[in-house]
Amino acid sequence: MGSGTGDPRAEVSMRDGPSSIGTFRATVLLLAAWSIVATTGLVFVLVEGGVRAFDVAVREPGTLFAREALFLWGLGALGALVVFVAAFGVTQAVGRGLLRLLRPEPLPWPERLPRPSYGVRLLAFDSPRPEAFTFALLVRDPGRLRARRDEVILLSRGLLGSLAPEEQEAAIAHELGHVRELDGRYLTFLRTFARLLRWDPILAVAASRLTRREEFRADVDAVELTRRPRALARALYKVSRGASGSPRLLASLLGPGGRQGRAQVEERIRRLIELAESGRFPEEPVG
């Protein structure tokens, strides 16, 4: 699949192997390893007597590594694996369920935006709320043992109707930034994993901070593709106003909801305006 334009700048921006993905994968693996340690600690506390066992673990941490505690590590690893599999199953089930429930229709690919070398589907669904999000599904090709990833970008009719053409393009480019960074595969899974292990604050904080980082990164990717930081800033502003007081279906163009989410959107708009005024990304004329 080729790009919509012959602009080499856009093609370079959408290369399939950005260095940040390796760091992202390593972070997710470290957090998965941490979940085994944390789950094992919880099992130790539950099996060995609650608060007393917690006190022993703090005062004598070597107790956790004694031979007698090996079965606890086994239980902890099994518990983390169960949650790991459940998180993967939930993310896949939700994505497939959305496609069946919403019955989205294909949208034409924007001419100014390149497509990555792997498959990306751009779809629109009926909803008055301004929403845009992406997720990844694993699909097994007939006759092949290896599964391929099916990246999906979903846009609501409410979003498309509230944005000007250049703002729509900027919103799609933002979601394409999430696709480029494999957020639909790793970040969505990590957020689901953290929700299933609500008792672990470290996972919750890590998921929140990674989400924040990836939203800013997707903004920069969008600006590199469109050269229109003000268009994305206007899109964020319009969507934030249209989504206020309205429950959202999934993590959208705005990122996390609530007071923290609103503050983050304001910071993103401020950064985009600063990019526009810096002259680093001179905006191309509309039309």
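The values are calculated or read from the model by the stated rules, or taken from the named source; none is laboratory data. Quick caveat, the model's predicted, so the values are computed rather than measured. Positions of Cβ are backbone-derived with ideal geometry, glycine not excepted, and every protein chain shown enters the neighbour counts.
Summary of computed values
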quantity: Residue list for the stretch 206-238, restricted to those being over 24 Å from PRO114 (Cα atoms) and not polar (S, T, N, Q); calculated: ALA206, ALA207, ARG209, LEU210, ARG212, TYR237, LYS238
quantity: Verdict on ARG144 being modelled with pLDDT under 85, in a loop (DSSP other than H, G, I, E, B) and within 30 Å of SER240 (Cβ to Cβ); calculated: no
quantity: The stretch 147-159: number of residues that are within 19 Å of the chain's Cα centre (by Cα), of a type in the set (D, E, K, R) and either at pLDDT 85 or above or surrounded by 17 or more Cβ atoms within 10 Å (Cβ to Cβ) (or both); calculated: 2
quantity: In the stretch 160-175, the residues that are of a type in the set (A, V, I, L, M), surrounded by 19 or more Cβ atoms within 10 Å (Cβ to Cβ), touching a helix residue (DSSP H, G or I) at 6+ places or on another chain (Cβ under 7 Å) and part of a helix (DSSP H, G or I); calculated: ALA170, ALA171, ALA173
quantity: Qualifying positions in the stretch 125-142 - among the charged types (D, E, K, R), in contact (Cβ under 8 Å) with a residue 60 or more places away in the chain and surrounded by fewer than 18 Cβ atoms within 10 Å (Cβ to Cβ); calculated: ARG129
quantity: Residues that are modelled with pLDDT of 90 or more and either assigned to a strand (DSSP E or B) or out of contact with any strand residue (DSSP E or B) (no Cβ under 9 Å at 6 or more places or on another chain) (or both), drawn from the stretch 109-132; calculated: ARG121, LEU122, LEU123, ALA124, PHE125
quantity: Residue within the stretch 114-124 that is free of Cβ contacts under 8 Å to residues at least 24 places away in the same chain and either buried (at least 18 other Cβ atoms within 10 Å of the Cβ) or more than 21 Å from VAL179 (Cα to Cα) (or both) present; calculated: no
quantity: Members of the stretch 244-287 found to be out of contact with any Asp or Glu (no Cβ under 8 Å at 6 or more places or on another chain), surrounded by 14 or more Cβ atoms within 10 Å (Cβ to Cβ), aliphatic (A, V, I, L, M) and at pLDDT below 85, listed by number; calculated: ALA251, LEU254
quantity: Number of positions in the stretch 84-113 that are surrounded by fewer than 17 Cβ atoms within 10 Å (Cβ to Cβ) and either without any contact (Cβ under 8 Å) to a residue 12 or more places away in the chain or more than 19 Å from the chain's Cα centre (by Cα) (or both); calculated: 14
quantity: Filtered residue count, the stretch 176-202, keeping only those that are in a helix (DSSP H, G or I) and either among the β-branched types (Val, Ile, Thr) or surrounded by fewer than 20 Cβ atoms within 10 Å (Cβ to Cβ) (or both); calculated: 7
quantity: All positions within the stretch 123-157 that are polar (S, T, N, Q) and out of contact with any Gly (no Cβ under 9 Å at 6 or more places or on another chain); calculated: SER156
quantity: The stretch 227-243, subset part of a helix (DSSP H, G or I) and surrounded by 22 or more Cβ atoms within 10 Å (Cβ to Cβ), residue modelled with the lowest pLDDT; calculated: ALA243
